[in-house]
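Engineer: Structure in structure tokens, see below.
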Amino acid sequence: MKKTVLKILILTLIVISCRQNNKSESQARELNQIEISDEFKLDFLTQILSDSSKSRLLFDKRELISNLPAMVPPQLPIDPKNPNRTISHFEFISDTLKINDIDFVRKQFSENKEFDISSLEKNGFKVIDVEKYREDEIQWDSINKIAEKYYEENKMIDFYSFLHITKPIFNKELNLAYVRFRPGSGGMTRIYEKQNGIWRMKYEFDEWIE
């Protein structure tokens, strides 16, 4: 009798283990099957930067866009499991986009390293190579002067800075996007939603001023 119970217990544990392994393998396959191409990211950025509604980010397509986003970290909520720390940025984005898959978010951050914001120039935008300037140890004051000179030469009155924009993070359905902006001395986070093939701002939060 004891041997029979032991065999049943062992078989049950084996079945549970197999199911867990199959679930993990299925999740891994699902993660690898979702491909977010650079073209998709470029189309998203092109659409939101071309927006002429009240939520517009650019007032002139000649405005400069930084290829290296520089902004303060987001204000993250307290971890409900540990009141002494905040949740991670990966967790926050996963929760905000209702993905419930931190690895999917982490994977996008890794892949975004290869995406070059400068590709926006192919669609008529103006990108300032802040990344190269910083690599050459050029200070921010000097970079700002370069931008000011550009606006002066192009007779763009009241323009003086450039737009910082993070590389977008999407949900698995590819119809929601998380992106942060710094248009001047402050910034904000936005969620965009794709409806009928058009990306529109769904809501804005985490506004900050330096």
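Engineer: How much net charge surrounds GLU111 when only the other residues with a Cβ under 12 Å from the Cβ of GLU111 are counted, with Lys and Arg +1 and Asp and Glu -1? Mind showing how you got there, number by number?
Structural biologist: Details: positive: LYS41, ARG106, LYS107, LYS113, LYS167; negative: GLU35, ASP38, GLU114.
Its environment carries a net charge of +2.
Engineer: Cα to Cα, under 16 Å, and not fewer than 8 places away if on the same chain: which aspartates and glutamates meet these conditions relative to LYS107?
Structural biologist: LYS107 reaches GLU30, GLU35, ASP38, GLU91, ASP95, GLU173.
Engineer: What do you get for GluC sites (Glu not before Pro) in region 35-106 restricted to DSSP loop and a cutoff of at most 13 other Cβ within 10 Å of the site's Cβ?
Structural biologist: Values: sites: GLU35, GLU39, GLU63, GLU91; in loops: GLU35, GLU63.
Sites meeting the loop and neighbour criteria: GLU35.
Engineer: Which loop GluC sites (Glu not before Pro) in region 145-206, with loop taken from DSSP, have no more than 16 other Cβ atoms within 10 angstrom of their Cβ? Can you show the working numbers first?
Structural biologist: Details: sites: GLU148, GLU152, GLU153, GLU173, GLU193, GLU204; in loops: GLU173.
Hits after loop and neighbour filter: GLU173.
Engineer: Still on this structure: Quick one: how many Å² of ILE34 are accessible to a 1.4 Å probe, rounded to 10?
Structural biologist: Spelled out: ILE34, probe radius 1.4 Å, area about 30 Å².
Engineer: Let me ask something else. Hey, got a sec? Which chymotrypsin sites (Phe, Trp or Tyr not before Pro) in region 165-210 land in a DSSP loop and have at most 14 other Cβ atoms within 10 Å? Walk me through the numbers on the way to the answer.
Structural biologist: Values: sites: PHE170, TYR178, PHE181, TYR192, TRP199, TYR203, PHE205, TRP208; in loops: none.
Sites meeting the loop and neighbour criteria: none at all.
The values are calculated or read from the model by the stated rules, or taken from the named source; none is laboratory data. What you see is a predicted model; the values in this text were computed from it and never measured. As a convention, Cβ positions derive from the backbone with ideal geometry for all residues, glycine included, and neighbour counts pool all protein chains shown. Surface areas here come from the heavy atoms of the whole protein model, side chains and all, with no ligands, DNA or RNA. Shrake-Rupley method; radii C 1.70, N 1.55, O 1.52, S 1.80 Å.
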